[in-house]
Amino acid sequence: MFSGLTFAPARLPDEAEALRAEVRAFLADQMPADYWPNSDFNEGHSPEFTRRLGMRGWIGMTWPKAVGGGERTFFERYVVTEELLAAGAPVSAHWIADRQSGPLLLRFGTEEQQRRYLPGVVRGETWFSIGMSEPNTGSDLASVATKATRVKGGWRVSGTKIWTTDAHRNHYIIALVRTEGTPADRHAGLTQMVVDLKGEGVTVRPIANIAGGHDFNEVVFDECFVADADVVGEPGNGWQQVTSELGYERSGPERFLSAFRVFVEFVRAVGTAPSPEQSALIGRLASHVMTLRKMSISVAAMLQEGANPGVEAALVKSLGNDFEKMLPELVRLALPQMPPEHPFARSLAQTLMHSPSFTIRGGTREILRGVIARGLGLR
Amino acid sequence: MDALVADAAERIFADHVDKPLLDCAEAGEFPQQLWQVLCEAGLHLVGTKDSGTGLADILGLLKVAGRHAVPLPLAEVWVAGFVLGGEDSDGLTVVADDGLVAAWGRRAERVLTLDGRLATEFSVESGANLAGEPRDRIRVDGASEIDLPGEMPELMATTRAALAAGALERTLELAIEYATTRSQFGRTISRFQAVQHQLAVLAGEVAAAVRACDGAIEALDATGFGTQAAAAKARVGEACGIAAEIVHQVHGAMGFTHEHTLHHFTRRLWSWRDEFGNEAFWQRRLGERLAASGADALWDFIAREG
């Protein structure tokens, strides 16, 4: 019988709430002057903003002090990240390293790797990319074909990674490569390695997106040498490691707030005398954000307790991504058409043009529904 | 919520509420035996002054009642008991909505209205909601004035959110059970990706509804209850329509028959989402407040009260 997906009530504790005012004061002071706020974690890139955030101790907040971290709780990190997203701050430079690469190195990396890479991440100076997808490996991650061959002192890596966000600006990529066997071996024989994106044997080629932007890239490894010291975890343990990242990757506020600035500009454009239909739409969207946020905080509480809420995280992401796509579709019809330079039109256009990526990145809607179905005992 | 009380209620509902009972109640027969059992267990007094239980227990128990589609006006009886302090009587006191429609008004000794009257003399015109639950219009002939707690409409709306949250969980269970046992094309229909994805969407709506409802319950002791109740009724109401559509599709023609029990839950979802303010009503309430506080306060409102 169905065991149920539970999102036990959880609240952000007071010490986390206390950070909120600090983050807002920081934002009032430090938002780049000519920057157009965007709540998509992937869209705003500012080395200077990221560095200042690092100086405030708001990158690597939960990490040990030994690597420069703040040893604070997941809840405190939650408050900082949701405040940054809601304000539409430029966070993409450090986002992946803070959310994913750092926790991965802390869990599976050597002490030497942690000392070498993490203090720079915490200062906002070292940025990481995710190296999972390949031209023939999208949702079917176990078909990774990038090959690492044993050589003296390390590995020679050849193959291609794709959709690599910010590889042209970031310093390192944690690549999932095959150290044994062939793609037919699926989950076995996969290994994660830190590769220097500026190093020899690595070529980064830009890929333009439909919005005319350049975030993602193709990364080609051609007999690129990776020292044994840069292998993350045990060779062959890559699949277990990448799947353990997903709880962190899928349940955060970035999975339902991507379109939030459009909501803000909608409320501004509607003004203080909304029609009943406009009020209802504002209330409807708010009821969704409030509920998603509660679910997301419930997952944060599970992570804080050391649980692995993979299915719950997939559900939050799936529901949140659908909401992010629904939001621009609904608000656009609730106001007269605006000239393109109008703040509402500008935010709407920016979000709409990036919205196809919401249900693709970090696990497609179809993959997530499969994960949920498995959690329900259907497969 | 008091776990012992919840266990006792769950046991009684599971033992007594079945399809024959639901069908009889729908035909207009008050489930007297079930009511007697509840009274003997003291469950008619939930929420009253000396019961050691309060609003959180009422709403928590309504989720349990919703899971079983209990054909009694428990939301009304318990809220009336909370408001009036309660007396140990097995006579019914129910709450009417602002159109003076009351659940089981025909059986009630007293009716509490949302404008603060306790009617003891009233006439009744029988009616029913889509689920066949008695919803009787009353005309008040004699009443006394009562001090109602603040946010009474929000409280009644939350009773429907709680009932629906429970019923939504049950429909998910029913759909999973059906999909994993019904075979077509040589395998259970749960093996088909198209069905799996529908059930994944359903699970998302159910989880969101339950979490939204719990958010209102958590806020009972805080200042933001009105906001949370509005958000909960709106979000749960939206889930009701989506969920009912999916569970019927998954059950195919079987679920469209009166013989199957699914409709006892889906017709309640369709009814409860309308009662004490539908989605649009509570969305407007919430939206008006947000619009009044302005765009730059939007996030603060959500972070503070959300």
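The values are calculated or read from the model by the stated rules, or taken from the named source; none is laboratory data. In this text, all values refer to a predicted model and were calculated from it rather than measured experimentally. Here the Cβ is made from the backbone with ideal geometry for all residues, glycine too, and neighbour counts use every protein chain on show. Heavy atoms of the whole protein, side chains included, go into the accessibility calculation; ligands, DNA and RNA do not. Shrake-Rupley method; radii C 1.70, N 1.55, O 1.52, S 1.80 Å.
With solvent modelled as a 1.4 Å probe, how much accessible area in total do chains A and B shield from it at their shared surface, in Å² to the nearest 100? Let's see the in-between values first.
On the way: alone 16810 and 14070 Å², together 26790 Å².
About 4100 Å² of accessible surface is lost on pairing.
Kindly provide the helix-only [θ] at 222 nm of chain A, computed as the sum of -39,500 (n - 2.57) over DSSP H runs of four or more divided by all residues, to the nearest 500 deg cm²/dmol? It would help to have the intermediate numbers written out before the result.
Numbers: 13 runs with 161 residues, N = 379.
So the calculated ellipticity at 222 nm is -13500 deg cm²/dmol.
Please work out the Cα center distance from the range A:101-164 to the range A:30-75, rounded to the nearest Å.
21 Å
As a quick test, which of the pairs A:LYS198/A:LYS317; A:LYS294/B:LYS63; A:LYS317/B:LYS19 have an alpha carbon distance above 29 angstrom in this structure? Present the calculation step by step, with values, prior to reporting the outcome.
Details: A:LYS198/A:LYS317 33 Å; A:LYS294/B:LYS63 19 Å; A:LYS317/B:LYS19 38 Å.
Going by Cα-Cα distance, A:LYS198/A:LYS317; A:LYS317/B:LYS19 fall outside the 29 Å limit.
Show A:ASP196, B:ASP115 ordered by accessible area, largest first, where the area counts protein heavy atoms only and the probe is 1.4 Å. Kindly include the intermediate steps, with their values, before the conclusion.
Numbers: A:ASP196 70, B:ASP115 105 Å².
Descending accessible area places them as B:ASP115, A:ASP196.
Please report the net charge: other residues with Cβ closer than 13 Å to the Cβ of B:GLU288, K and R +1, D and E -1.
Within the 13 Å Cβ shell, the charges total +3.
Using only the heavy atoms of the protein chains and a 1.4 Å probe, how would A:LYS147, A:LYS198, B:LYS19 rank by accessible area, largest first? Each step should come with its number before you reach the end.
Values: A:LYS147 85, A:LYS198 125, B:LYS19 45 Å².
These residues rank, largest area first, as A:LYS198, A:LYS147, B:LYS19.
Using r as the Cβ-Cβ distance of B:ASP296 and A:ILE207, and R0 as 56 Å, what FRET efficiency do you calculate, to the nearest 0.05? Write down the numbers at each step before the final one.
Working: r = 36 Å, r/R0 = 0.65.
After rounding, the FRET efficiency stands at 0.95.
Please compute the net charge surrounding A:ALA300, taking Lys and Arg as +1 and Asp and Glu as -1 over other residues with Cβ under 11 Å from its Cβ.
Details: positive: A:ARG11, A:ARG77, A:ARG293, A:LYS294; negative: A:GLU76, A:GLU82, A:GLU305, A:GLU312.
Within the 11 Å Cβ shell, the charges total 0.
Compute a Gaussian network model of chain B, connecting alpha carbons closer than 10 Å, and tell me which residue from B:ALA229, B:ALA175, B:ALA75 fluctuates the most.
In this elastic network of chain B, the residue with the biggest mean-square fluctuation among B:ALA229, B:ALA175, B:ALA75 is B:ALA175.
Among A:ALA259, B:ALA96, B:ALA56, whose Cα lies farthest out toward the positive end of the dipole of the protein assembly as shown, if unit charges sit on the beta carbon of Lys, Arg (+1) and Asp, Glu (-1)?
A:ALA259
Would you mind telling me which residue in B:GLN184, B:GLN228, B:GLN196 has the biggest mean-square fluctuation in a Gaussian network model of chain B, where springs connect alpha carbons within a distance under 10 angstrom?
Answer for the Gaussian network model of chain B: B:GLN184.
Rounded, prolate or oblate: which one fits the range B:1-142, using the alpha carbon gyration tensor with axes a ≥ b ≥ c (rounded when a/c is under 1.5, else prolate when a/b beats b/c, else oblate)? Provide the component values of the computation, followed by the final result.
On the way: a/c = 1.91, a/b = 1.19, b/c = 1.60.
Taking the square roots of the gyration eigenvalues as a ≥ b ≥ c, the range B:1-142 is oblate.
Average partner chain C-beta neighbours within 10 Å, per residue of B:165-172?
On the way: counts 0, 0, 0, 0, 2, 0, 0, 4.
Mean shielding by partner chains, rounded to a whole number: 1.
Roughly how crowded by other chains is peptide A:366-372, in terms of the mean Cβ count from those chains within 10 Å of each of its Cβ atoms?
4
Of B:MET152, A:MET55, B:MET1, A:MET302, which has the most accessible area with a 1.4 Å probe, and how do the rest follow in descending order? Walk me through the intermediate numbers first.
Values: B:MET152 5, A:MET55 145, B:MET1 115, A:MET302 35 Å².
These residues rank, largest area first, as A:MET55, B:MET1, A:MET302, B:MET152.
Starting from the Cα gyration tensor of the range A:130-238, take the square roots of the eigenvalues, sort them a ≥ b ≥ c, and report rounded, prolate or oblate (rounded when a/c is under 1.5, otherwise prolate if a/b is larger than b/c, else oblate). Kindly include the intermediate steps, with their values, before the conclusion.
Details: a/c = 2.19, a/b = 1.38, b/c = 1.58.
Oblate shape, in that a/c is at least 1.5 and b/c is the bigger or equal ratio.
Once the other residues with Cβ under 14 Å from the Cβ of B:GLY54 are scored (Lys, Arg +1; Asp, Glu -1), what is the net sum? List each step's numbers first, then the result.
On the way: positive: B:LYS49; negative: B:ASP2, B:ASP50, B:ASP57, B:GLU218, B:ASP221.
My count for the surroundings of B:GLY54 gives -4.
In deg cm²/dmol, rounded to 500, what helix-only [θ] at 222 nm does chain B give when every DSSP H run of at least 4 residues adds -39500 (n - 2.57) and the total is split over its residues? All intermediate terms of the calculation are to be shown ahead of the outcome.
Values: 11 runs with 173 residues, N = 306.
Value at 222 nm, helices only: -18500 deg cm²/dmol.
Which one of A:ALA21, A:LEU104, A:THR73 has its Cα pushed farthest toward the positive end of the charge dipole of the range A:14-127, where Lys and Arg give +1 and Asp and Glu give -1 at the Cβ?
Farthest towards the positive end: A:LEU104.
How much accessible area does A:ARG115 have with a 1.4 Å probe, in Å² rounded to the nearest 10?
Looks like 140 Å² after rounding.
Just how much of A:TRP239 is accessible, in Å², when a 1.4 Å probe is used and the result is rounded to the nearest 10?
Spelled out: A:TRP239, probe radius 1.4 Å, area about 50 Å².
Over what distance in Å are the Cα centres of the range B:1-44 and the range B:66-103 separated?
So the separation of the two Cα centres works out to 14 Å.
Dipole magnitude of chain A about its Cα centre, charges +1 at Lys/Arg Cβ and -1 at Asp/Glu Cβ only, in debye to the nearest 20?
Details: 40 positive and 43 negative charges, 85 e Å.
Value, rounded to 20: 400 debye.
What are the membrane-span-like helices in chain B by this rule: whole DSSP H runs, Cα extent along the axis at least 24 Å, mean Kyte-Doolittle hydropathy at least 0.5? Working shown, then result.
Values: long enough: B:152-181 (44 Å, 0.40); B:193-218 (37 Å, 0.63); B:225-251 (37 Å, 0.39).
Within chain B the helices that satisfy the rule are B:193-218.
With every protein chain in place, what's the accessible area of B:THR257 (1.4 Å probe, Å², nearest 10)?
60 Å²
Got a sec? Charge dipole of chain A, +1 on Cβ for Lys and Arg, -1 for Asp and Glu; which of A:HIS214, A:ALA33, A:GLY238 is way out at the positive end?
Result: A:GLY238, furthest along the dipole toward the positive end.
Does chain A come out rounded, prolate or oblate, given a ≥ b ≥ c as the square roots of the eigenvalues of its C-alpha gyration tensor, rounded meaning a/c under 1.5 and, failing that, prolate meaning a/b above b/c?
On the way: a/c = 1.57, a/b = 1.52, b/c = 1.04.
Verdict is prolate for chain A.
What part of the accessible area of the protein assembly as shown, given as a whole %, is carbon or sulfur when the probe is 1.4 angstrom?
On the way: 13610 of 26790 Å².
Its accessible area is 51 percent carbon and sulfur atoms.
Counting pairs of alpha carbon atoms under 8 Å apart in space and at least six apart in sequence, what relative contact order in percent does the range A:130-238 give?
Numbers: 269 pairs, mean separation 33.1, N = 109.
RCO, the range A:130-238: 30 percent.
Based on the Cβ-Cβ distance of B:ARG106 and B:ALA3, what FRET efficiency does E = 1/(1 + (r/R0)^6) give at R0 = 41 Å, to the nearest 0.05? Walk me through the numbers before you get to the answer.
Values: r = 35 Å, r/R0 = 0.85.
Here the calculated transfer efficiency is 0.75.
How much accessible area per residue does the range B:3-145 have, counting only protein heavy atoms and a probe of 1.4 Å, in square angstrom?
Result: 43 Å² per residue.
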